[in-house]
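Below you'll find the structure, written out as structure tokens, and then a few comments.
The values are calculated or read from the model by the stated rules, or taken from the named source; none is laboratory data. All values derive from a computational prediction rather than experimental measurement. All Cβ positions, glycine included, derive from the backbone under ideal geometry; neighbour counts span all protein chains shown.
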Number of protein chains: 2
Amino acid sequence: MPRPRTAPDHPDSPARAIAIAMAGALRRRGYHGAALNDVVAESGAPRGSLYHHFPEGKDAIGAAAVRLVGVGVTRALAPRGSVAPGGREAIGVIASQLSEWLQRSGFDEGCPVVGAAMGLGPETPLTREACAEAFGAWTDALAAVYREGGVEASRAVPLARLSIAALEGAVGLCRAQRSIEPMRQVAAELGALLDGAHARRAAPPASPSSPSSPSSTAPTAPTAPSAARRPRRAR
Amino acid sequence: MPRPRTAPDHPDSPARAIAIAMAGALRRRGYHGAALNDVVAESGAPRGSLYHHFPEGKDAIGAAAVRLVGVGVTRALAPRGSVAPGGREAIGVIASQLSEWLQRSGFDEGCPVVGAAMGLGPETPLTREACAEAFGAWTDALAAVYREGGVEASRAVPLARLSIAALEGAVGLCRAQRSIEPMRQVAAELGALLDGAHARRAAPPASPSSPSSPSSTAPTAPTAPSAARRPRRAR
């Protein structure tokens, strides 16, 4: 599958400016509401640079925007220096970013990744791939935080996926209700759920077992496919 | 706030046909990707009937579509005859409807309500109101099911809101990953969470208390505003 010719990594690159402007459009109105003329105007890049950097067009710009946001959130979930975030802190990282977008805009902007995802179709293979990468990387990063915090390995990915889905879905509830309350409540519920998962590990049922052994089987939740993927965090 | 002049309740009404077609467009590409020409063509209604039934235009059509779907899901969550659904069954009702839309379309269609919600803005006050109504009614209906299944009153609304957010967010993950696995996993996690909420009520902590007394305070989750709204179910 083709990738954008120029990865918008350089801080001053027109490609990056276009991707940032596209992320704003995705937050406001989703993929199909994003007008390329407006995106280019907002980016300050000359119109020609759009086709130079993104010869595949809108789908490639959507992918670059989603990738930029996806990587940013994934980095925020990784430990800074030697300080690894706890599970509640990691949930807070995502909830805070989403809340900032929502509140700063008076609830007229949400998350660019789920905004793009709700309009995916045959015409958006690159954006779809970038959305899958972002959701996968967030799930892996959050699962790694959960595991390091003491959640059983077999429970970490399902809980992480539930967390990502709930936080992204809460964006829709917040926009509809013009209130940050659903996001606050969902984050609090996920935090309580996580505390419960910790408690169950800290206080295992009657039969004695080594607390340091990696968990193997959990009856309620099979290990998901993405559990086999390695998180990108170097630890 | 103005309402559509004609509520699309009658099965044969052009207004209803237009709302159904709009719901399909919202599922595929969200509010801003919905083209009214395509919606009218798909509905089979004459172009003039669009402006007759929806003088407020696209926003009113979006509201009618969201309301139609919202009411349908709310009804499915209410007991049929004397048989009330259990908590897992109610989660399954929503997950099954979302899964049907996803799988029938090869993951190119999601939920019209969250699809609309991710594009809400100053130009969509009627659609926003309809989205808020749908999310609120689903939360209330699910919370009622949870309470009747034995979840403490103070826990029912937060758990219901988490459930709605997670199931709607899972739509985005499924579309991005072109897989029903996130929806399946999120529904399973919510079911396990619900079983845990039942178990905690069935086996309260040390101090004796009447199991039939309505619960009052829960330290981890404050009662949400919508807890004060009465569910529409007549019981």
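Okay, here's what the table says:
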read-out	value
Long-range neighbours under 7 Å by Cβ, at least six apart or interchain, first residue facing another protein chain (nearest Cβ under 10 Å) and surrounded by 24 or more Cβ atoms within 10 Å (Cβ to Cβ) within region B:142-170, second of a type outside the set (A, V, I, L, M, F, W, C) and not in a helix (DSSP H, G or I)	B:V157/B:T223
Filtered residues of region B:114-129 (kept if within 7 Å of chain A (Cβ to nearest Cβ) and among the β-branched types (V, I, T))	B:V114
Residue in region A:126-147 that is more than 25 Å from B:S179 (Cα to Cα), at pLDDT 95 or above and not aliphatic (A, V, I, L, M) present	no
Single residue of region A:183-195 satisfying the filter (within 8 Å of chain B (Cβ to nearest Cβ), of a type in the set (A, V, I, L, M) and touching a residue at least 12 places away in the same chain (Cβ under 8 Å)) that is farthest from A:G86 (Cα to Cα)	A:V186
Test: residue in region A:10-19 that is buried (at least 17 other Cβ atoms within 10 Å of the Cβ), of a type outside the set (G, A, S) and at pLDDT 95 or above	yes
Residue under evaluation B:A132, criteria (1) within 12 Å of chain A (Cβ to nearest Cβ); (2) more than 10 Å from the chain's Cα centre (by Cα); (3) free of Cβ contacts under 8 Å to residues at least 12 places away in the same chain; (4) assigned to a helix (DSSP H, G or I), criterion not met	(2)
Selection from region A:94-115 of residues that are without any contact (Cβ under 8 Å) to a residue 60 or more places away in the chain and surrounded by fewer than 19 Cβ atoms within 10 Å (Cβ to Cβ)	A:S96, A:Q97, A:E100, A:R104
Residues being within 14 Å of chain A (Cβ to nearest Cβ) and surrounded by fewer than 21 Cβ atoms within 10 Å (Cβ to Cβ) - total across region B:34-46	3
Region A:171-182: number of residues that are of a type in the set (D, E, K, R) and in contact (Cβ under 8 Å) with a residue 24 or more places away in the chain	2
Selection within region B:40-61 - hydrophobic (A, V, I, L, M, F, W, C) and part of a helix (DSSP H, G or I)	B:V40, B:A41, B:L50, B:A60, B:I61
All positions within region B:172-182 that are more than 7 Å from chain A (Cβ to nearest Cβ) and buried (at least 24 other Cβ atoms within 10 Å of the Cβ)	B:C174
